[in-house]
Every structure is written in structure tokens, then in C-alpha cells.
Amino acid sequence: MTTYDDRPWLKAYDPGTLPDIDIPAKTYTDALIEGLTTDPDRAAMHFMGTTLSFRQLDEMSCRFAAFLTGNGIKPGDVVGLSLPNIPQCLIALCGTMRAGCTVTGVSPLLTPKELSHQLNDSGCRVLVTLDAIFERVLTKIENQVPGLSHVVTTSIGDYLPAVKRILGKLHKKLPSGTVTPIAGKVIQSFKQVMVQYPPAKPEGAVSPESICLIQYTGGTTGLPKGVALTHRNIFSNLTQVKKWTDFQIGQDVLCSGFPFSHLAGLMFGMTAMATASTQCLIPDPRNTKNICKEIRTHTPSIYANVPTLYQMLLDDPGFKKLDFTPAKLFISGAAPFAVESIRAFEAVIGQGKVVELYGMTETSPVITINPVEGNKKIGSVGVPVSNTHVRIVDVETGTTIMPVGEPGELIVRGPQVMKGYHNKPGETDHAMREHDGKTWLHTGDVARMDEDGYFFIMDRSKDMLIVGGYKVFSREVEETLYQHEAVEFCAIIGQPDPKRPGSEIVKVVFQLTTAARKQAAEPLKSNILAFCRENMAPYKVPKIIEFIDAIPLTAVGKVDKKALR
């Protein structure tokens with residue numbers, strides 16, 4: 001009988017991919033410096049008409065590192081980056097790493113209360129942010145963040161071509177660049193830092209066990225937790241993904257709409273820099289017209305996005321006119337990609353180019369990924385990457401190993417698994433538990449593995465519904481609903497069943513296609529219900545159907561079920 005410890009997924013590996021690879025005891029900074037210096041004249045990034053080379057990135061990051069060390073910021077201190085995907089974010093990230101400091105990605109969408117929590121919880125000493133965020137958010141909590149000593153402000157327009165800066169100011173789309181002084185805090189502009197400090201090579205000492213990133217989880221229940229990822233974690237996952245995808249140093253052009261404040265976006269950007277790969281920066285992923293322009297101009301070879309962005313691109317007429325011959329991979333993660341949607345997308349970009357993966361902040365982030373050359377099972381998140389062990393255990397206790405094919409909680413161990421939750425030993429002990437003398441991370445995700453070793457994500461454990469004693473998984477129901485022609489996006493949530501205490505009823509929320517919105521609501525609901533009764537078990541059939549103009553999404557592009565509830 002097949003077991004998880006047999007690693008049945010190994011037979012799905014592409015030729016040359018090893019079950020366990022040698023991962024040197026290096027830091028991400030080691031990989032970064034190699035990437036910065038491999039081909040100095042190669043374009044490091046394209047940003048709305050501006051191109052910066054790796055030579056320029058190298059110099060600018062040295063200036064930012066000199067700013068940190070010159071102001072008493074020591075190795076291990078935390079620097080927060082609250083920026084969209086603009087050059088300043090990567091310059092500051094490189095400089096922070098080279099000074100031996102720790103980065104915490106801060107979403108530009110945080111409220112004052114949320115920002116205060118993250119700055120205080122992480123122990124952030126320096127914050128790099130937009131001047132607009134400074135005025136709108138930071139000034140409201142200036143007396144609530146005593147550990148924050150320095151703020152560097154910048155504008156989206158700082159690295160735009162001159163003509164775009166002028167046009168932006170004429171149309172009042174770009175902030176003025178002036179900020180209000182805050183007592184007790186040193187405030188400088190990013191431009192001042194780049195002029196004032198020399199590009200001397202920094203000597204920030206770090207080891208593989210030093211904390212590289214403190215990234216905050218979404219906080220769907222309670223306050224967000226800081227995930228402490230070491231340089232060993234980040235370098236390990238970087239190595240695993242490089243080997244899996246056969247990344248060629250200095251050969252690829254990457255394009256992603258994942259925000260740098262999210263680990264998926266941050267690691268994609270960090271991978272590009274460490275492999276001397278050019279990247280196209282996308283400051284607004286909802287602006288599909290701009291993304292299409294970047295694709296047409298720079299012909300990326302590797303993409304990484306959330307499924308909703310791929311769907312938005314597919315809906316843009318300009319996207320279908322582009323030449324995708326140079327494109328090798330379209331990585332999809334962070335949320336389920338409906339099978340029907342993948343088929344429609346690949347009809348435009350080329351068969352077999354979509355590669356679904358699964359990961360989480362706590363695992364740096366990649367755990368499983370579909371083979372690049374071999375069998376991609378549409379709807380699955382692939383197989384565990386090298387050096388990674390996965391099991392499925394019961395949801396209730398997390399101790400009983402489930403039979404192959406049965407759903408349960410996915411647990412994982414490998415070199416990419418986090419050190420723990422920052423300053424939260426209790427939360428760390430709950431998530432990282434010992435089985436058979438080894439420490440496993442309990443992901444909180446419900447999944448199953450088929451006989452070939454491919455994994456299928458069913459739900460978050462907290463999103464799983466109990467309907468009349470039966471378990472109902474969101475992914476399973478939503479996949480069926482996506483086969484109905486009226487559905488553009490959908491999501492299911494549970495509501496307490498007034499007739500059965502402890503049980504729930506299934507509610508489904510739809511965002512309809514343009515054509516379906518012209519139909520009368522009640523007959524359409526009846527049609528959808530009839531479709532459900534024909535295609536799913538009675539206990540999975542929704543009891544409540546609701547149509548809304550737009551399903552709420554998180555900043556990353558996941559369905560925001562917290563907002564739906």
C-alpha cells in the first residue's frame with residue numbers, strides 16, 4: 001500500500017530533478033550579490049518606460065545600505081517597506097539585505113491601526129513609504145510607534161521618465177513630495193538618501209540562521225502574525241525553485257502582478273535579482289492595459305500571478321493579440337485556478353504553459369508545484385519540491401495519518417519551513433509539532449493526494465463547512481459551479497443552520513458574466529440550482545444564492561471570504 005513516506009510523487013519529477021539536492025549553507029545576500037554582479041549592464045528592471053541596470057541597482061543599494069549604517073541601524077534591525085512594485089522597493093530591499101538588516105513587507109493598504117500593529121510587533125526601526133501614505137496614515141499614529149526612528153519617503157513618480165512626471169503632476173495624479181515633520185523621528189526623502197550617502201560596499205554580517213524576512217500573514221482570524229524566515233529558509237526555497245524550473249542565470253525576463261508586500265511577490269522579485277533576471281514592475285495589477293504594454297515591449301518568458309489577474313487579462317481584448325511564443329511558464333498560485341478557466345487561458349497563451357503551485361508564507365513560500373516538462377494535472381497544485389516531505393493527517397487532532405486519497409490537513413517539513421512566528425512561542429508550538437521525532441508544520445489547509453503523488457487543495461480548514469454531518473469543501477463546489485456559463489467568479493461560505501445546531505448551510509455568492517447580468521435574477525437562480533442538483537450531492541447544493549457586482553478580493557487577488565461573511 002502506498003504511503004506518504006514512500007514519496008510516490010518522485011516518479012512525476014522531470015528528468016534530472018533529484019529527490020534531495022545539495023543546498024549550501026549560504027545566505028540570500030550571497031545569492032543577491034552574485035546576481036547583481038554577474039552581468040552589470042543587463043537590465044535589472046523595467047518600470048513604465050524607465051530601465052535600471054544591475055550596475056545601477058548595485059550602486060543604489062550600496063547607498064541605501066550606507067544610509068542605514070550611517071544612522072546607527074545595526075545588523076538584525078528591522079526595515080519596513082510599504083511600497084507598491086516600484087524601483088525604490090527593490091533598491092531599499094537590496095540595501096537592507098546588504099547592511100545585514102531584516103525586511104518586513106508592509107502592505108500600502110493598511111489602516112493606521114494595522115500599520116501601528118505591524119511596526120510595533122516587528123520592532124521596525126526604519127520605514128520606507130510613499131509620501132501619500134505618510135500623510136494619510138503614518139501621521140495619525142506618530143505617537144503610537146516609539147521604536148520607529150527613521151522614515152524615508154518617496155513618490156511613484158520619482159523614477160518615471162521626465163515627461164511622465166510632468167504629465168502626472170499636470171493631471172494631479174502624483175503626490176507633491178512634501179511631508180509633515182514628526183517630532184522625534186528623522187525623515188528623509190529617497191532622493192536625498194541616493195545623493196547624500198556614498199556607494200561604498202557594505203559589510204553587514206549575516207549567517208544562514210539570521211532572520212531575513214518577517215512577513216505578516218493575512219490575519220483572517222485575530223491579528224496578523226509575523227512569520228520569521230531565515231536566510232537559510234529563503235536560500236533553500238530559492239535553490240529548490242531554481243533547480244525545479246531550470247532557471248538559467250541572466251537569461252529570463254519575469255513579469256508578476258503579485259505585490260512586493262506579499263511573500264509571493266517579494267520572493268519572485270528576490271529570485272529575479274538573485275538570478276540576474278530582468279523583471280517588469282507592475283505597480284497596479286488591475287491596469288491590464290499597462291500589463292499588456294509591458295508584455296508587448298519586453299516579451300517576458302516567465303509570469304507569476306494570482307488566477308483572478310489571469311482572468312482579468314483574458315478579458316482584455318488586447319491580451320489576445322499578443323505574441324506568447326517567448327513565454328515558457330505562467331505560474332499560478334495563492335488561490336485556486338478553475339479548470340475551465342485554465343483551459344480558456346491556455347487557448348490563448350499555449351497549451352501546457354500554466355504551472356500551478358502551492359505555498360504559504362510559513363514555507364518561504366513554495367511547497368508543491370507541477371512538473372515543468374512532465375505531466376501537469378490541471379486542478380492539482382502538483383507535487384512536493386525536492387527536499388520536501390508532506391503528509392495528510394486528520395483535521396480534528398492532526399495526529400492520525402489519512403489513507404491516500406482521503407482529505408485531511410496537509411503537514412510539511414523541509415528546509416524552507418519557517419523558524420517560527422515572531423515573538424509568539426505559543427502560536428509557533430501550535431503550528432510546528434513533532435511527529436516521529438521530526439518537526440512538521442501544520443498548514444491549516446485541507447488537501448488530498450492521489451495515487452500518483454499529486455496534491456489537490458480542498459479548502460482552508462477554517463473555511464470547510466459541516467452540512468448535516470458531511471464535510472463540504474469550497475474548491476470542490478466552486479469547481480462545479482464554474483462550469484455554468486453564467487458564472488464569472490464565485491465563492492461559497494457557510495451560514496449557521498437554524499434547524500440544526502452545529503451544522504451549516506451552503507451560501508454561494510456569484511459575480512456574473514456580462515451576458516448573464518442581463519437576465520432576470522430569479523429564473524437564473526432557479527437554473528443554477530437545477531444545475532447544482534444535477535451535478536453535486538444534495539448536501540453540497542447551495543441553499544442561498546446571491547448575485548453581487550464584484551466579489552471582494554484581498555490585495556493579492558484572493559477571494560476575501562472574511563469580507564463576504
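The values are calculated or read from the model by the stated rules, or taken from the named source; none is laboratory data. Fair warning: this is a prediction, and the values are worked out from it, not measured in the lab. Here Cβ is always computed from backbone atoms with ideal geometry, including for glycine, and neighbour counts include all displayed protein chains.
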Identify all residues within segment 301-316 that are surrounded by fewer than 21 Cβ atoms within 10 Å (Cβ to Cβ) and either of a type in the set (Ser, Thr, Tyr) or more than 22 Å from the chain's Cα centre (by Cα) (or both); write none if there are none. 301, 315, 316
For segment 3-39, enumerate the residues that are within 23 Å of residue 448 (Cα to Cα) and among the hydrophobic types (A, V, I, L, M, F, W, C). 9, 10, 12
Residue ID - modelled with the lowest pLDDT, chosen from residues in segment 13-56 that are assigned to a loop (DSSP other than H, G, I, E, B) and in contact with a strand residue (DSSP E or B) (Cβ under 8 Å, 6 or more places away or on another chain): 48
Lone qualifier among 260, 319 - being of a type outside the set (D, E, K, R) and under 18 Å from the mean Cα position of the chain (by Cα): 260
Name every residue in segment 340-370 that is over 18 Å from residue 263 (Cβ atoms) and hydroxyl-bearing (Ser, Thr, Tyr), in order of residue number. 341
If you scan segment 87-117, which residues turn out to be part of a helix (DSSP H, G or I) and surrounded by fewer than 24 Cβ atoms within 10 Å (Cβ to Cβ)? 112, 113, 114, 116, 117
Which of the residues spanning segment 17-41 are more than 26 Å from residue 229 (Cα to Cα) and without any contact (Cβ under 8 Å) to a residue 60 or more places away in the chain? 40, 41
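Here is a yes/no grid of residues against (1) assigned by TED's automatic domain parsing to the domain that holds residue 81; (2) surrounded by 24 or more Cβ atoms within 10 Å (Cβ to Cβ); (3) touching an Asp or Glu at 6+ places or on another chain (Cβ under 8 Å); (4) polar (S, T, N, Q):
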site	(1), (2), (3), (4)
253	no, no, no, no
261	no, yes, no, yes
288	no, no, yes, yes
299	no, no, yes, yes
If we keep just the residues of segment 507-565 that are charged (D, E, K, R) and touching a Lys or Arg at 6+ places or on another chain (Cβ under 8 Å), which is farthest from residue 82 (Cα to Cα)? 543
Within segment 346-369, how many residues are in contact (Cβ under 8 Å) with a residue 60 or more places away in the chain and either outside any strand (DSSP E or B) or not assigned by TED's automatic domain parsing to the domain that holds residue 416 (or both)? 6
Can you pull out every residue in segment 260-297 that is closer than 23 Å to residue 321 by Cβ and either charged (D, E, K, R) or in a helix (DSSP H, G or I) (or both)? 284, 286, 288, 289, 290, 291, 292, 293, 294, 295, 296, 297
Going by the conditions given, is residue 489 assigned to a helix (DSSP H, G or I) and not assigned by TED's automatic domain parsing to the domain that holds residue 286? no
Considering only segment 381-389, I want to know if a residue exists there that is out of contact with any helix residue (DSSP H, G or I) (no Cβ under 6 Å at 6 or more places or on another chain), assigned by TED's automatic domain parsing to the domain that holds residue 325 and among the small types (Gly, Ala, Ser). yes
Among the residues of segment 338-345, is any in a loop (DSSP other than H, G, I, E, B) and either without any contact (Cβ under 8 Å) to a residue 60 or more places away in the chain or out of contact with any Phe, Trp or Tyr (no Cβ under 7 Å at 6 or more places or on another chain) (or both)? no
Would you confirm whether any residue within segment 495-506 is over 15 Å from residue 465 (Cβ atoms), among the hydrophobic types (A, V, I, L, M, F, W, C) and touching a residue at least 12 places away in the same chain (Cβ under 8 Å)? no
Looking across segment 322-339 at residues that are more than 21 Å from residue 259 (Cβ to Cβ) and under 23 Å from the mean Cα position of the chain (by Cα), the single one that is surrounded by the most Cβ atoms within 10 Å (Cβ to Cβ) is 338
